[in-house]
Structures are given as structure tokens and as C-alpha cells.
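Following: one structure in C-alpha cells, then a few remarks.
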Amino acid sequence: MAQRAAAAAGEVHARGLGRVFTIRLSPNRSLKAALLRRELPRTRELWALRDVDLDVAPGEAFGIVGPNGSGKSTLLKLIAGIFAPSTGTLSVGGRVGSLIEIGAGFHPEFTGVENVYLNAAIYGLKRDYVDRHLEEIIAFAELESFADVPVRTYSSGMYMRLGFSVAMHVQPDVLLLDEVLAVGDEAFQQKCFGKIADFKREGGTIVFVSHDPGAVERLCDQAVLLDHGRSIERGPAGDVVRAYHQRLVHSSHESADGREGRVGGPCRVHEVRAVAGDGSVRERFTEGEPMALEVWLYAEDGLDEGRVTLGLRDSGGQALGSQTAESVRLAPGKLERLRLHFPGLPLREGRFYVDVALETADGDALLDHDDRALELSVFGQEPGGGGAIRLGGTWELPTGDGTGDG
Amino acid sequence: MAVNTAPRAVLPTLGWLPRYGELLRTLVRRELRARFKGSALGLFWSLIYPLAMMGVYTLVFSVLWKVTGNIPHYPLFVLSGLAVWGFFQAGIQLGTTSLVSNGDLITKVWFPRELVPASAVIAQTVTIFVMLAILIPTCLIVEPENARTVVLVVPIVAGLICLVLGLAWLFSVANVFYRDVEHLLAVGFLPWFFLTPVLYGLDQFSAASSHRWLILLMRYGNPVTPYVESVRAVVLQHVVPGAPLLLYVFLVGPLVGLLGLWTMQRFQDRIAIEL
């Protein structure tokens, strides 16, 4: 029987933790349809997490790594209590502060201040506690002049700052973090990491989820590697991260499945990644940030001349643009990399998909393709500004005194 | 130490109330502000509408059509019905959509989900309180004898609030799984209104004696009818409702409330997934 049991403040324990989701195969959202067809939607069970054991001691920073769809977010959401476990036991001691996704626990229509009260109330804090700390919270988030504006007008950087500030001021025993920290300007990130370090020094527990093994290695003491919902490796963060790297390399030679290490013909697209200016692999970027899209290709017998096209679509599937590399040569039996560099990411806030296609030189045969090979989240820095594309360009303004040639 | 998820209860529980009372207050306060401060006239609007409808119904049924001959104080008769019906309809409609419209919150943090529809309903109680605050003094002036029975309105309205809470919980969960529930409900409320004795009294018809089963069905088959009739009885007609009606009023509301709460807690986990 799945349950949550008691634990001392700052501890997280899990035994045989599992979570199954029922996926509806036919997206049936209407009662009318259900009644007319007289059948319940067909469903399938999917284990997002299976038999995971965890022990996090108070004051420890614990990392969760693994490829997409390995169950990282599910595990975090279980610890946050958003879902209940299907099997096993989970005990989390004390107050859990969560910074899962941008604006966790914000209501878009509330103002910044209202959201602080709402968020604090969700954490079970009394109003007078917030009254006393309100100024401090707003000041830390650097949102003094936006405090009384509905947060739906905030940029995601502002969202994140407010979310972080609240989460740090509710005196959590366990702090759940995911990659939201990749958002925001450099200075604020430094401030965040300073605050997190303080939090850890004072005995707070951190659970951190990331695609970026480097970040986990820097921040965490212990870690777990998840794959297909199972825990593959547990132990000191450094060891786990090494195991993760090894798996990534191996999966390219074995016929692995899923996103990582796709099986194709003799020529295939192995992986698509996004790399930030500092070399870290991420899926969240700030508008205008320098970055590169990286495609890993594998050709069993090599490829003399191929064509690689990277396409970008918005979350609605609308194509935004593409770029083709001609004359791509691949050595036989080796993973090869090509990169498309952007000095400034030309996208505005939103979610985007990267498609990749590998063709023969004349474009006659499609050797491999991967739609939605990568999902990117881009965050704006300033509120306002519409459209998916960061237009760029420079302005030349009228002088205002009629001396222009107009 | 505190665990941030309540263990899954077999029976409905209000055990979360002390810890999340502050959250409930915050949500209600926010709901009130959104509902009544948004427009220039604020709360005034929620009053103007039933008063205007009272005028229209009186004009049509009493002055023009003259079918209300044996109902004394017809405008107050209508208004007492509208007070109950207005809260019933608005509370359920706002409660039903509340889970879906607060999906952002629900999928990202944990708190007892029942708070969301509850806050919509609780904020809406303001409308019935304001209506009663106008209705009761007026009725007392018109018929001072109402002073003897009017105090009974308190437990009756308490029962009504339980009923609306329960139905809001039930429908809001249904709406998470089937998104057209709110639309079906919106369509259903119009015939429901005419089947509820707001504009007429069930005992007023000549058919009342020849179709007794029909009147019984209309009275007890429609959960809001006993509340309309008993509020009207104690506020306007200085009559203590009969035992069957009182029993219904005090039992059905709380029972539906418990059923709604139980449903909510039963589906607690699946709500976040479906959203």
C-alpha cells in the first residue's frame, strides 16, 4: 500500500517508490462523447517510476540525473506531494519548498504581493509572518516597482526571481529545485547560488534535478541516476555523473531505445542537444543568449556527402525557420558532431521544438529524421514584446528638429 | 514534524483546516476582490440584477398576467426565491469551473484541492447575505409577525451552503475529467430555474390536489426547492416549515456536502494528473 510516512525534519526516505500513470489513448474530454459512445476511453498504464529507493539526510544536497522521460520530474513531484505514490513508501520531513517549473504556485491574475501571500499560505505560513517579511521578499526579488502588477505581465525572469525569493523565505526544511535557476541574469543567479549555499550551510536539505550533469556535480553531495523510471546508480554525485556519461556513450553503440541513442539505418541522428555559451547542456535559455544546437550523427559505414537540416517550430507546430548544412562527411563507425552556432538566440519567450533531418547530398533520400528531437524553453528578460522571433536590427530615429532628410 | 500530504482518508475529513485556514482565507479574499471590486459598482451589481428581475417578474406575472392573485407580497415572494436561487446557481457554476481555471496552481504545488471550489462558493455567500440583509428588514416591516420565525433562516442557509459546497465539489471534479460539464450545467440551469418554485408556489396550482405525486417530485426531487420554500416560509410567511421539509433541509445539504468532500478527496491525486 502506497503511503507517506513520518520522517525527521529535512529527511527524505523512499522505499520501493513507484508511480503509474494511466494514459488515455483516445483523448476523450467530453461527457457527451463518453455517453454517446457508451464506452470509457481506452487507456494504457505507464510506469513513470519503479522501485526507487532514496535516503537523503538533513543538510545534504541530493541530485537526480537522467535522460528525458526517465522519471526525474515525477520523482520531484512525488516529493513535493503533487502526486501520491502508487507503490512503496515515501516520507518527507518538515516543510517542503519547491521551485519546480517557473512560477510554481503562482496565480497569473494575482499581483506580485498577492502571490506572495498566496504562496506563503500554501506553505502553511500565517499572514503576520508574511506581513513582517514582505518587504524583504520583494526586495530580494528586485521587484519593488512591479509588486502591485498581476504576475501574468511578468517576464519569466521576474517570475523566477519572485518564486525563488518566496521559496527561500518560507523557511523550508527541504528545498526542491529544478533547472529554473538557469533563468535570469548572471548577477541574480550568483545571488541565488549564494542563498542556496547559505541554506545548505544552515542545515537545509536540497533535492536538485537537472539535465546538466555538471551542475549536479558542482552542487550535490549524493545523487541518483534514473533511466526509464528505475534507479540505475546511487552514491556520491561524482560517481553517479560518471556513470551517466558512460551510459550516454554506451547507448550509442548498443541498440538502445527511446530518445537517447536512436536506432536507424546505417546512418542515423543519434542525439540533438542545445549547448549554452559556457558549454553546459541545457534546454532552457534566455532570449538573446549565445548558444549552439549540436547534432550527433552516426554512420555505420561512413557517409561521403550528406545534408543535415535543423528546423525550428513553435509549440503550436508552426515552422519558424530552418538551416541546412551541405557536404557533411562522416567517418565510419564513429559518433560525429556538428554545431549550429547562434551568437544570440533569435527566439522570444516560449517553447520550441527542434527537428532534424539527415539526407543524401541530392536530397533524394531521407536517411534519418527526428521530429521534436529537442524541446527548448526560452525565457524573456523584459515584459512585453510579442511574436516568436527576436527580430533584432538597429533603429535609426528621427532627430526631432526637422534636420533629417525626410 | 509535518508531512505535507494528508494520508488518503477513507472518510471525508476537515483535518487540513487548521493548517490551511490561512490559505482558504487568502483564496476567498482574492475571489471576493475579483468578483466584486472589478466592476465600478462592485457588490452593488450583484444586488441590482435580482432587484431588476424582481421588478420584471412582478410586472409580467402580477400586473399584466395577473396569475399571482393568491400570493401576498409577490415582489418579496420572488425576491426571497431569487436570493436562494442566485446563490445556488452562481456558487455551483463558479465552483465547477474553479479547478480547471486554477490548474496552474494545482499542478505545481500541493495543498488540499477542495479549498479551490470551496473558496469560490464561500466568496459567493456574500451575495445571499446581502440579499437577506435587505429582504429580512423589509419583510419585518411588511409583516412584523415574521420576527417569530426569522431566526430559523440561519440553520436553513447553513444547510444550503453545505448543499452548494457539495454540488460544487462534485461538479468541479467531474469537470476536470469531462470538460463539457460546465457547459452542460450552464445549459441545464435555465430549465432548472423554471422547475424551481421561485416565480410560483408549488401549492398555488389547482393541479396541486390532482397531481400530488408530481408536486412531491418537484418538491423533493429538486434539492434546491426545499431551501427556497423554507427560507421563504420563515422570512416572509412567518410559518415554520413542516417536519418533512425541515428534515430534508437539515439532512440533505450536509449529506451532499460530505459526499462532495469525499469525492474530492477520493480523486485528489488524479485531479493534478488530469489537469
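The values are calculated or read from the model by the stated rules, or taken from the named source; none is laboratory data. This one's a predicted model, so the numbers in the text were calculated from it and none came from an experiment. Please note: Cβ atoms are built from the backbone with ideal geometry, for glycine as well, and neighbour counts cover all protein chains shown.
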_Residue check for A:Y117: within 14 Å of another protein chain (Cβ to nearest Cβ), of a type in the set (F, W, Y), in contact (Cβ under 8 Å) with a residue 12 or more places away in the chain and more than 22 Å from A:K195 (Cα to Cα)_ = no
*Restricting attention to region A:133-146, and to residues there that are part of a helix (DSSP H, G or I) and of a type in the set (A, V, I, L, M), which single residue is surrounded by the fewest Cβ atoms within 10 Å (Cβ to Cβ)?*
A:A139
*Are any residues in region A:115-146 within 21 Å of B:L17 (Cα to Cα) and charged (D, E, K, R), and if so, which ones?*
A:K126, A:R127, A:D128
_Here is a check on your reading of the model: is A:G400 surrounded by fewer than 11 Cβ atoms within 10 Å (Cβ to Cβ) and modelled with pLDDT of 80 or more?_
yes
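This table checks each residue for (1) under 19 Å from A:L176 (Cβ atoms); (2) more than 8 Å from chain B (Cβ to nearest Cβ); (3) modelled with pLDDT of 75 or more.
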| position | (1), (2), (3) |
| --- | --- |
| A:R19 | yes, yes, yes |
| A:L25 | no, yes, no |
| A:R29 | no, no, no |
| A:A34 | no, no, no |
*Within the group B:P155, B:P112, which residue is on the phi < 0 side of the Ramachandran plot and not in a helix (DSSP H, G or I)?*
B:P112
*at the interface with chain B (Cβ under 8 Å from one of its Cβ atoms), aliphatic (A, V, I, L, M), under 27 Å from the mean Cα position of the chain (by Cα) and closer than 12 Å to A:A167 by Cα, is that true of A:I137?*
no
*Please work out which one of (1) touching a Phe, Trp or Tyr at 6+ places or on another chain (Cβ under 8 Å); (2) under 22 Å from A:D362 (Cβ atoms); (3) surrounded by 18 or more Cβ atoms within 10 Å (Cβ to Cβ) is the condition A:G306 fails and give its number.*
(1)
*Listed residues A:E136, A:E217, A:E142; which is among the acidic types (D, E), under 21 Å from A:L75 (Cα atoms) and touching a helix residue (DSSP H, G or I) at 6+ places or on another chain (Cβ under 8 Å)?*
A:E217
*Would you pick out the residues in region B:69-89 that are free of Cβ contacts under 8 Å to residues at least 40 places away in the same chain and either assigned to a helix (DSSP H, G or I) or hydroxyl-bearing (S, T, Y) (or both)?*
B:Y74, B:P75
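Okay, residues lined up against (1) free of Cβ contacts under 8 Å to residues at least 24 places away in the same chain; (2) more than 23 Å from B:S119 (Cβ to Cβ); (3) part of a helix (DSSP H, G or I):
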{"residue": "B:L185", "(1), (2), (3)": "no, no, yes"}
{"residue": "B:G188", "(1), (2), (3)": "yes, yes, yes"}
{"residue": "B:V198", "(1), (2), (3)": "no, yes, no"}
{"residue": "B:M218", "(1), (2), (3)": "yes, yes, yes"}
{"residue": "B:Y227", "(1), (2), (3)": "no, no, yes"}
{"residue": "B:L247", "(1), (2), (3)": "yes, yes, yes"}
{"residue": "B:F250", "(1), (2), (3)": "no, yes, yes"}
{"residue": "B:Q268", "(1), (2), (3)": "no, no, yes"}
*For region A:86-101, state whether one or more residues are more than 7 Å from every other protein chain (Cβ to nearest Cβ), closer than 23 Å to A:C220 by Cβ and assigned to a loop (DSSP other than H, G, I, E, B).*
no
*Give region A:40-81 a look and list any residue that's in a loop (DSSP other than H, G, I, E, B) and either surrounded by fewer than 23 Cβ atoms within 10 Å (Cβ to Cβ) or at pLDDT 90 or above (or both), or say none.*
A:L40, A:P41, A:R42, A:A57, A:P58, A:G59, A:E60, A:P67, A:N68, A:G69, A:G81
*Among the residues of region B:87-106 satisfying the criterion of being of a type in the set (A, V, I, L, M, F, W, C) and more than 24 Å from B:L160 (Cβ to Cβ), which is surrounded by the most Cβ atoms within 10 Å (Cβ to Cβ)?*
B:L105
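Residue-wise test of (1) of a type outside the set (D, E); (2) more than 12 Å from chain B (Cβ to nearest Cβ); (3) free of Cβ contacts under 8 Å to residues at least 12 places away in the same chain.
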| position | (1), (2), (3) |
| --- | --- |
| A:F106 | yes, no, no |
| A:F110 | yes, no, no |
| A:A121 | yes, no, yes |
| A:E144 | no, yes, yes |
| A:V149 | yes, yes, no |
| A:M158 | yes, yes, no |
_Subset of region B:107-132 that is in contact (Cβ under 8 Å) with a residue 12 or more places away in the chain and surrounded by fewer than 21 Cβ atoms within 10 Å (Cβ to Cβ) - its residue that is nearest to B:G55 (Cα to Cα)_ = B:V130
*Checking A:V130 against (1) of a type outside the set (D, E, K, R); (2) in a helix (DSSP H, G or I); (3) within 14 Å of another protein chain (Cβ to nearest Cβ); (4) in contact (Cβ under 8 Å) with a residue 24 or more places away in the chain, which single condition isn't satisfied?*
(4)
*Consider B:V151 carefully, then state whether it is out of contact with any strand residue (DSSP E or B) (no Cβ under 9 Å at 6 or more places or on another chain), surrounded by fewer than 16 Cβ atoms within 10 Å (Cβ to Cβ) and β-branched (V, I, T).*
yes
